[in-house]
Each structure stands twice: as structure tokens, then as C-alpha cells.
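Bear in mind that the values in this text are calculations on the coordinates, not laboratory data. Note that this is a predicted model, so its numbers are computed, not measured. Reconstructed Cβ throughout: ideal geometry from the backbone, glycine too, with neighbour counts over all protein chains shown.
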Amino acid sequence: MESIQTTENFNKIIQSDEPVIIKFEAGWCPDCKAMDLWIDPIIEKYNAYQWYSVNRDELEDVAANHDVMGIPSLLIFKNSEKLAHLHSANAKSPEQVETFLAETFQA
């Protein structure tokens, strides 16, 4: 998962014609560390999509602009539009993340 370091890079990435999945996280976040332990098989399953990470402490403006109130959160963008947002309270297990992605990409 590639890390996005600047607001400019974030804005460029979300302009993609294909959906991109962005994980908002922080180094101090225990739930983010827990997600790191089980996310790889999910990334592999959904490898048709580009995955990125954003440290919400480094890009606070990006997190605020996209209503990221808790972490980890998964947001899906296409053509600069937010298509879906899995809030942190619902991103605590592989099953929750799998359900979110399956529902988002079933169309």
C-alpha cells in the first residue's frame, strides 16, 4: 500500500478514472495496527484496485475535508468523488471490511 505524503498527491490520486481505496490511519492508533495484521489478504482479493494510505496526522486538512473523524477509515474515490466511506467504528474486523468492499463493488 503506497503512502500519500502531500495534499497535492492525494488530489491527483483521487482523480483516477478507476476507483481507488484509501486507508486513513496514524502511527499511534491501536486499531490501525490491528487492521495491518489482517488487511493483506483483503488487499490481495481486491487487487484490481489501487490501495493507498494517508497518515491523518500528517494530512489533517485532507482528513477534515473528507469527514474522517476516526481511524482507521477506508474511503473509496473515483473522478475526485467520494463513492464510499467505511467509518472507524465499522472497520474493526476483516468481516466488516469485506462486507463494505463487497457492497461497494457489487454494482
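A few comments on the model shown:
- Averaging the sequence gap over all C-alpha pairs within less than 8 Å and six or more residues apart, then dividing by the number of residues, gives the stretch 25-107 a relative contact order of 29 percent.
- Count of Lys pairs (Cα-Cα under 18 Å; at least 8 positions apart or interchain) in the chain: 9
- Checking (i) 27, 20, 8; (ii) 18, 17, 12; (iii) 23, 16, 11 against semi-axes √(5λ) of the Cα gyration tensor in Å calculated from these atoms, the matching label is (ii).
- Per-pair calculated FRET efficiency, R0 = 22 Å: D40 and E81 via Cβ, rounded to 0.05: 0.20
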